[in-house]
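Everything on this sheet refers to the single structure shown next.
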Amino acid sequence: MSFLSMREVHKSFAGNEVLKGVSLEMERGQVVCVIGPSGSGKSTFLRCINRLETIDAGLIAIEGDPIGAEVRGGRLHAAPDKKIRAQREQIGMVFQSFNLFPHMTVLENIIEAPIGVRGEKKADAVAHALQLLARVGLAEKRDAYPKQLSGGQQQRVAIARALAMRPKLLLFDEPTSALDPEMVGEVLGVMRDLAAEHTTMIVVTHEMGFAREVADRLIFMDGGHIVEDGDPREIMANPQHPRTRAFLESVL
Ligand code: ADP
Ligand code: MG
């Protein structure tokens, strides 16, 4: 059984079909990068996995457990909210726009969900948060507020905040696209460390160097389809589909 299984996933917004039958099997510990033109469905693909969006047809399962659904009497039914919340807690997401709580310090941002959602004791949540802050190189910023930090530092806090929930899967949606160029490297560096520790992650990115060096697997999406899926170096050197070739020529 795969860690993540997607079968023929369809998603439309008001009649506009954005995912047109997406299928994917992914193993634990894999790092998958997703590239593709704007509007090709990359964010929707991620948002369906952590159920920020519901799907119209198909199936998404983590370790065999269908997302947002459960099997009763041999058939799939919508899962109760409690189950959906529990599943979502296992999936961390890092957005382009950081989304830290502005009125909370760095430490408060990180311990909020572990205490409020997971029910961790404050002392445990703080100890874990400090470990994570050290891991992203920001131990000395624990009492700073987000607006006192650079974009790169805020994004590293957002990664620590996602990790604080001890997710099984981390999703990144263009985590460096909103950053000034000089800050991209520090965020990619943290993501590189996570990959080296075999964190299971799916990264939508335009950073082709990162995709080539860090990803176990590269997916090219276009028009709501996975057009190409394979070894990053192989795809970049020798794209099989004309649309992949055209996209790579535009970004490389
Ligand atoms: P990408 O991340 O590859 O740029 P998206 O998944 O964000 O693509 O969007 C794919 C298409 O779906 C776009 O045409 C976008 O306008 C549309 N779309 C995405 N989210 C919504 C939404 N909540 N409501 C309506 N249309 C949406
Ligand atoms: Mg997007």
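Hey, can you tell me all the residues within the stretch 222-241 that are out of contact with any Asp or Glu (no Cβ under 9 Å at 6 or more places or on another chain), under 27 Å from Gly189 (Cα atoms) and touching a residue at least 60 places away in the same chain (Cβ under 8 Å)? Of everything in the stretch 222-241, just one residue is out of contact with any Asp or Glu (no Cβ under 9 Å at 6 or more places or on another chain), under 27 Å from Gly189 (Cα atoms) and touching a residue at least 60 places away in the same chain (Cβ under 8 Å), namely Asp229.
Just checking, does the stretch 136-147 include any residue being acidic (Asp, Glu) and under 22 Å from Val184 (Cα atoms)? Give the steps one after another, and end with the answer.
Taking the stretch 136-147 first, the residues acidic (Asp, Glu) are 140, 143.
Filter once more, keeping what is under 22 Å from Val184 (Cα atoms): 140.
Yes: one or more hits.
Determine whether His128 is touching a residue at least 12 places away in the same chain (Cβ under 8 Å) and either of a type in the set (Ser, Thr, Tyr) or out of contact with any Leu (no Cβ under 8 Å at 6 or more places or on another chain) (or both). When the stated conditions are applied, His128 passes them. The condition (being more than 16 Å from ligand 2 (Cβ to nearest atom) and outside any loop (DSSP other than H, G, I, E, B)) is satisfied by just one residue among Gly152, Gly137: Gly152.
Within the stretch 1-18, the residues that satisfy the criterion of being open to solvent by 80 Å² or more (accessible area, probe 1.4 Å) and within 21 Å of Leu169 (Cα to Cα) are Met1, Arg7, Glu8. Considering only the stretch 99-109, I want to know if a residue exists there that is under 24 Å from Asn50 (Cα atoms) and at pLDDT below 95. Checking the stretch 99-109: at least one residue is under 24 Å from Asn50 (Cα atoms) and at pLDDT below 95.
Which of the residues that make up the stretch 186-207 are open to solvent by 10 Å² or more (accessible area, probe 1.4 Å) and within 16 Å of ligand 1 (Cβ to nearest atom)? Listed by number, the residues that qualify are His206, Glu207.
Within the stretch 134-162, count every residue that is open to solvent by 20 Å² or more (accessible area, probe 1.4 Å), in contact (Cβ under 8 Å) with a residue 40 or more places away in the chain and in contact with a Lys or Arg (Cβ under 8 Å, 6 or more places away or on another chain). Number of matching residues: 1. Evaluation of Glu89 against the conditions (1) open to solvent by 50 Å² or more (accessible area, probe 1.4 Å); (2) away from ligand 1 (no atom under 14 Å from the Cβ); (3) farther than 24 Å from Ala164 by Cα shows that the sole unmet condition is (3). Please specify each residue of the stretch 125-155 satisfying the condition of being touching a Pro at 6+ places or on another chain (Cβ under 8 Å) and of a type outside the set (Lys, Arg). Selection gives Ala125, His128, Ala129, Tyr145, Pro146, Gln154, Gln155. Scanning the stretch 1-31 for residues that are under 20 Å from the mean Cα position of the chain (by Cα), of a type outside the set (Lys, Arg) and farther than 17 Å from Lys42 by Cα yields Ser2, Phe3, Glu27, Gly29, Gln30. With respect to the stated conditions, Glu228 is within 16 Å of ligand 1 (Cβ to nearest atom), open to solvent by less than 80 Å² (accessible area, probe 1.4 Å), over 18 Å from the mean Cα position of the chain (by Cα) and charged (D, E, K, R).
The values are calculated or read from the model by the stated rules, or taken from the named source; none is laboratory data. Note that this is a predicted model, so its numbers are computed, not measured. Cβ atoms come from the backbone with ideal geometry, glycine included; neighbour counts cover every protein chain shown. Just so you know, the surface numbers come from the protein's heavy atoms only, side chains and all, with ligands and any DNA or RNA stripped out. Shrake-Rupley method; radii C 1.70, N 1.55, O 1.52, S 1.80 Å.
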